[in-house]
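Novice: Below you will find the structure I want to go over with you.
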Amino acid sequence: MSNVLINFHSTNTTSMAITQFNEVVAEEEKLSHECKQLLLSLPKEKGWRTPHLYLYQNFWCQPTEIQAIMSFQKHFQAKESDIVLASIPKSGTTWLKALAFAIVNRKPSAISKNHPLESSNPHDLVPFFEYKLYANDQLPDLSTMTEPRLFGTHVPFASLPNSIVKSNCRIVYICRNPFDTFVSIWHFLNKIKPRSSPSVSLEEAFEMYCNGVIGFGPFWTHMLGYWKESIEKPDKVLFLKYEDMKGDLSFQLKKLAKFLGSPFSVEEERKGVIEKIAKLCSFESMKQLEVNKSGKSIKNFENKNLFRKAEVGDWVNYFSPLMVDKLSKLMEEKLGGSGLSFRVFH
Ligand code: PPS
């Protein structure tokens, strides 16, 4: 064990905090020799949850994630019927996973009672490549998954394994306006960070975000990678926006179902199947489920932290005029001319 680990003789609270910090360091100690060697060669910056974030293939990432992503890139073999749900963190991933799962697995003309989404968190039903399937140096047996297989990832388009890019499997990307995404990330990371680390202030976090130093960021590269592909290959990548889904979910669900190859029939529309899926996956329904109040479905993060406020425009409660100015200019500089724009108010 590394001599970085801290010895302590303090109060219970301090002990718990140091244990959590030690856990993060110990996680990194277990990395493969190959991954440790690679980390030595990568640019690094101060991290939020972990001591450092590393620039791997032009995106910022935590060490344990890099190891899992390397394995995912090397071993994953896509099937033509696979569906990959992609996002940068805090863009509506959990919501999209729930909706896609409900659409793909709906019984003919009905949403059943005792639906799996009532007893399982969406991240258990639609596993992440990097946090679950290829995490902890394991190679998953995916042959028993029912088809179409649904997967989740935060990996940027440019770093997806060839078999996903080259096969006919489909990708759905969900994107959210950077103002609200930033506020959501800031809350989440301060909740899940080891208690021994000081809270990251809004100002410091904002600097990191605008410098692109955030998990899987810079956000603009992440968004543009999927955005460009969705324009060039609309049958391959469907690009959804959180704000559009909040605005007219029914319309977006029809688009999603059609893209996934299982459009709603007239009969299903008449029977209110779209509305039932929307209700089953709504923030209000999901937040109050026992499984979403207590379990841990992504790494060791508590599920309850995945459900905070789910509003468009919550950023107004946090941003100073200077911050508004800075992020607006950055978005204009990075996204201007791409055709990608966002609604930032409710
Ligand atoms: S993660 O960790 O990347 O999977 O997080 P992610 O799910 O992408 O983002 C979390 C934010 O999404 C909100 N959320 C929802 N919005 C609408 N409907 C549903 N069902 C839903 N579930 C989660 C969640 O509250 C986070 O946003 P904020 O603004 O922090 O509330």
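Novice: Within segment 326-346, track down each residue that is touching a helix residue (DSSP H, G or I) at 6+ places or on another chain (Cβ under 9 Å), free of Cβ contacts under 8 Å to residues at least 12 places away in the same chain and part of a loop (DSSP other than H, G, I, E, B).
Specialist: Selection gives S341 alone.
Novice: In addition: List every residue pair whose Cβ atoms sit under 6 Å apart, with the two residues 6 or more apart in sequence or on different chains, where the first one lies in segment 224-246 and is in contact (Cβ under 8 Å) with a residue 12 or more places away in the chain and over 19 Å from N58 (Cβ atoms) and the second, anywhere, is open to solvent by 80 Å² or more (accessible area, probe 1.4 Å) and within 15 Å of the ligand (Cβ to nearest atom).
Specialist: Cβ pairs passing all conditions: E243/R343.
Novice: Same structure again: Report yes if some residue within segment 67-88 is in contact with a helix residue (DSSP H, G or I) (Cβ under 9 Å, 6 or more places away or on another chain), under 29 Å from F157 (Cβ atoms), open to solvent by 50 Å² or more (accessible area, probe 1.4 Å) and modelled with pLDDT under 95; otherwise report no.
Specialist: no
Novice: List, please: which pairs have Cβ atoms under 9 Å, are six or more places apart or on different chains, and start with a residue in segment 133-147 that is open to solvent by 100 Å² or more (accessible area, probe 1.4 Å) and end with one that is in a loop (DSSP other than H, G, I, E, B)?
Specialist: Pairs that qualify, where the first residue is open to solvent by 100 Å² or more (accessible area, probe 1.4 Å) and the partner is in a loop (DSSP other than H, G, I, E, B), are N136/K30; D137/K30; D137/L31; D137/S32; T146/N105; E147/K79; E147/S81; E147/D82.
Novice: Among I192, I214, which is the only one that is more than 21 Å from I69 (Cα to Cα), in contact (Cβ under 8 Å) with a residue 40 or more places away in the chain and open to solvent by less than 30 Å² (accessible area, probe 1.4 Å)?
Specialist: Exactly one of I192, I214 is more than 21 Å from I69 (Cα to Cα), in contact (Cβ under 8 Å) with a residue 40 or more places away in the chain and open to solvent by less than 30 Å² (accessible area, probe 1.4 Å), namely I192.
Novice: I would also like to ask the following. Tell me, please, whether a residue that is away from the ligand (no atom under 16 Å from the Cβ), of a type in the set (D, E) and farther than 30 Å from P116 by Cβ can be found in segment 266-275.
Specialist: Narrowing segment 266-275 to residues away from the ligand (no atom under 16 Å from the Cβ): 266-273.
Imposing the further condition that a residue be of a type in the set (D, E) reduces the set to 267-269.
Now narrow it down to the ones that are farther than 30 Å from P116 by Cβ: none.
Looking through segment 266-275, none of the residues is away from the ligand (no atom under 16 Å from the Cβ), of a type in the set (D, E) and farther than 30 Å from P116 by Cβ.
Novice: Looking at K166, is it over 22 Å from N300 (Cα atoms) and open to solvent by 20 Å² or more (accessible area, probe 1.4 Å)? Give the derivation first.
Specialist: Values: over 22 Å from N300 (Cα atoms): yes; open to solvent by 20 Å² or more (accessible area, probe 1.4 Å): yes.
Taking the combined requirement at face value, the residue satisfies it.
Novice: Of all residues being in a helix (DSSP H, G or I) and in contact with a Phe, Trp or Tyr (Cβ under 6 Å, 6 or more places away or on another chain) in segment 63-101, which is farthest from the ligand (Cβ to nearest atom)? Just the residue, please.
Specialist: Restricting attention to segment 63-101, the residues satisfying the condition of being in a helix (DSSP H, G or I) are 63-75, 93-101.
Right, trim to in contact with a Phe, Trp or Tyr (Cβ under 6 Å, 6 or more places away or on another chain) and you get 66, 68, 71-72.
Working: I66: 18, A68: 15, S71: 20, F72: 17 Å.
The qualifying residue farthest from the ligand (Cβ to nearest atom) is S71.
Novice: Consider only pairs whose beta carbons are under 8 Å apart and that are at least six residues apart or on different chains; among these, list those whose first residue lies in segment 277-293 and is within 15 Å of T93 (Cα to Cα) and whose second residue is open to solvent by 80 Å² or more (accessible area, probe 1.4 Å).
Specialist: K287/K293; N292/K304
Novice: Going through segment 71-96 one residue at a time, which ones are over 9 Å from the mean Cα position of the chain (by Cα) and under 16 Å from S184 (Cβ atoms)?
Specialist: Passing the criteria: W95, L96.
Novice: Only residues that are among the polar types (S, T, N, Q) and either more than 14 Å from the ligand (Cβ to nearest atom) or closer than 19 Å to F219 by Cβ (or both): list them for segment 302-346, please.
Specialist: Restricting attention to segment 302-346, the residues satisfying the condition of being among the polar types (S, T, N, Q) are 303, 305, 317, 320, 328, 338, 341.
S320, S328, S338, S341 - these are the residues of segment 302-346 that are among the polar types (S, T, N, Q) and either more than 14 Å from the ligand (Cβ to nearest atom) or closer than 19 Å to F219 by Cβ (or both).
Novice: Turning to a different aspect of this structure: Taking the residues in segment 115-128 that are farther than 16 Å from A278 by Cα and without any contact (Cβ under 8 Å) to a residue 40 or more places away in the chain as candidates, determine which candidate is surrounded by the most Cβ atoms within 10 Å (Cβ to Cβ).
Specialist: Across segment 115-128, the extreme among qualifying residues is P127.
Novice: Another question, if that's okay. Might you let me know whether segment 255-262 holds any residue that is surrounded by 14 or more Cβ atoms within 10 Å (Cβ to Cβ), out of contact with any Phe, Trp or Tyr (no Cβ under 7 Å at 6 or more places or on another chain) and among the aliphatic types (A, V, I, L, M)?
Specialist: Checked segment 255-262: at least one residue is surrounded by 14 or more Cβ atoms within 10 Å (Cβ to Cβ), out of contact with any Phe, Trp or Tyr (no Cβ under 7 Å at 6 or more places or on another chain) and among the aliphatic types (A, V, I, L, M).
Novice: Ok, one more. Would segment 108-124 turn up any residue that is out of contact with any helix residue (DSSP H, G or I) (no Cβ under 7 Å at 6 or more places or on another chain) and assigned to a helix (DSSP H, G or I)?
Specialist: Yes: segment 108-124 contains one or more residues that are out of contact with any helix residue (DSSP H, G or I) (no Cβ under 7 Å at 6 or more places or on another chain) and assigned to a helix (DSSP H, G or I).
Novice: Which number in (1) more than 13 Å from the ligand (Cβ to nearest atom); (2) closer than 23 Å to K246 by Cβ; (3) open to solvent by less than 10 Å² (accessible area, probe 1.4 Å) marks the one condition that V104 misses?
Specialist: (3)
Novice: Could you say whether any residue in segment 228-235 is modelled with pLDDT of 95 or more, touching a strand residue (DSSP E or B) at 6+ places or on another chain (Cβ under 8 Å) and among the small types (G, A, S)?
Specialist: So far as segment 228-235 goes, yes, one or more of its residues are modelled with pLDDT of 95 or more, touching a strand residue (DSSP E or B) at 6+ places or on another chain (Cβ under 8 Å) and among the small types (G, A, S).
The values are calculated or read from the model by the stated rules, or taken from the named source; none is laboratory data. Here the structure is a predicted model, which is why all the values come from computation and not from measurement. FYI the Cβ positions are ideal-geometry reconstructions off the backbone, even for glycines, and counts take in every protein chain you see. All accessible areas refer to the heavy atoms of the entire protein, side chains included, with ligands and DNA or RNA removed. Shrake-Rupley method; radii C 1.70, N 1.55, O 1.52, S 1.80 Å.
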